[in-house]
1. Averaged per residue, what accessible surface does the chain expose to a 1.4 Å probe, in Å²?
2. Multiply the residue gap between Tyr244 and Asp51 by 0.36 nm, knock off their C-alpha separation, and tell me the result in nm, one decimal place.
3. Restricting to the chain, what percent of DSSP beta bridges are antiparallel, rounded to 5?
4. Once you have the Cα-Cα distance between Glu258 and Arg270, take 0.36 nm times their residue separation minus that, and quote the gain in nm to one decimal.
5. Quantify how much of the Cα-Cα distance distribution of the range 165-228 extends past 20 Å, in percent.
6. Using the alpha-carbon atoms, what tilt in degrees (0 to 90, nearest 10) does helix 77-86 show relative to the longest principal axis of the chain?
7. Give, to the nearest whole percent, the P(r) tail of the range 83-142 beyond 13 angstrom, counting all Cα pairs.
8. What number does the range 24-179 give for Rg over Rh if you use C-alpha atoms and the Kirkwood radius?
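The values are calculated or read from the model by the stated rules, or taken from the named source; none is laboratory data. Everything quoted here is computed from the prediction, not taken from an experiment. The protein model used for the area step is the full one, side chains on, heavy atoms only, and it has no ligands, DNA or RNA in it. Shrake-Rupley method; radii C 1.70, N 1.55, O 1.52, S 1.80 Å.
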Amino acid sequence: MSMQIITDPNRFQEQALKLRCQGKVTGLVPTMGYFHEGHLRLMRWARENADTVLVSLFVNPTQFGPGEDLTSYPRDMERDKELAALEGVDILFAPSSEAMYEPGFSTRVQVPALSRTLCGESRPGHFEGVATVVAKLLVLSLPVVAVFGEKDWQQLALIRRMVRDLNLPVAVHGHPIVREEDGLAMSSRNAYLTPDQRAQAPAIHQGLVRTRDIAEQGERDCRALLDFFSSWIKEQLPLGSLEYAAIVHPQTLEPLTELEDEGLLAVAVRLGRARLIDNIVCR
Ligand code: AMP
């Protein structure tokens, strides 16, 4: 079956419901497009674990703040269509903003406990935009499973919370971070980096790995670990600056002072026009 491209939300819902009523295991991969290997691996996971693969491609305006990169966000619909088709995607849902947000649209989904920390601090309203659009996408497609990347760990934690709280009938699968050979987490926003910035960018992942190793060698004080990471970034990434580094509980995202069993080291770095996020689990 060749890939179907649907732009109308009602048609997408009809098709997705029909598939589900036929007993198909449907898998949804929500994206903002400009596909890289990270997106493709999520699609591949869905291809291997579902009968029918649905991919949404929507640069959701409500999750961008004023002055953020909504208008300059990289887009390449033709290439994305080709790549999705090559991955065996069944339906590519690519709605317009007007179709997703009709005049008078007013409902908002909030998950306050998981929205205020980390990226939520510098991006007010971002996670409300994410939760609302993901809720809409899940209700439009009612997938058996929805796949999200661990690169956006806070987003994944929030979606898991929302799905439980609202009893949405979907299993959420978190996919491990897909990296470039030099360790940089893949991101559509890596396209913003100049060659000099790109050359320094792997320092983010290297710093995460070193900090995790220090934790595993017995340093359990989060302040000391975070100090190490921030000095590392200062030395190794002179073109960039650290927006935040935090060690939090992996599910509740509450800040930790001591590492007991597991903590998530989550960071955001500004590098030229790009804001890059990454994380690693410390045990
Ligand atoms: P985006 O198009 O950036 O909104 O990403 C769409 C989905 O792909 C989200 O669930 C992301 O977490 C996931 N994703 C993006 N980059 C990566 C990556 N490098 N590794 C794993 N998942 C990713």
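1. Here the residues of the chain average 47 Å² of exposed surface.
2. Here the segment from Tyr244 to Asp51 would lengthen by 65.4 nm.
3. Taking every DSSP beta bridge within the chain, about 50 percent pair in antiparallel fashion.
4. So the chain would gain 1.6 nm between Glu258 and Arg270.
5. Cα-Cα pairs of the range 165-228 separated by over 20 Å account for 51 percent.
6. 80 degrees
7. Summing the P(r) of the range 83-142 above 13 Å gives 71 percent of all pairs.
8. Looking at the range 24-179, the ratio lands at 0.93.
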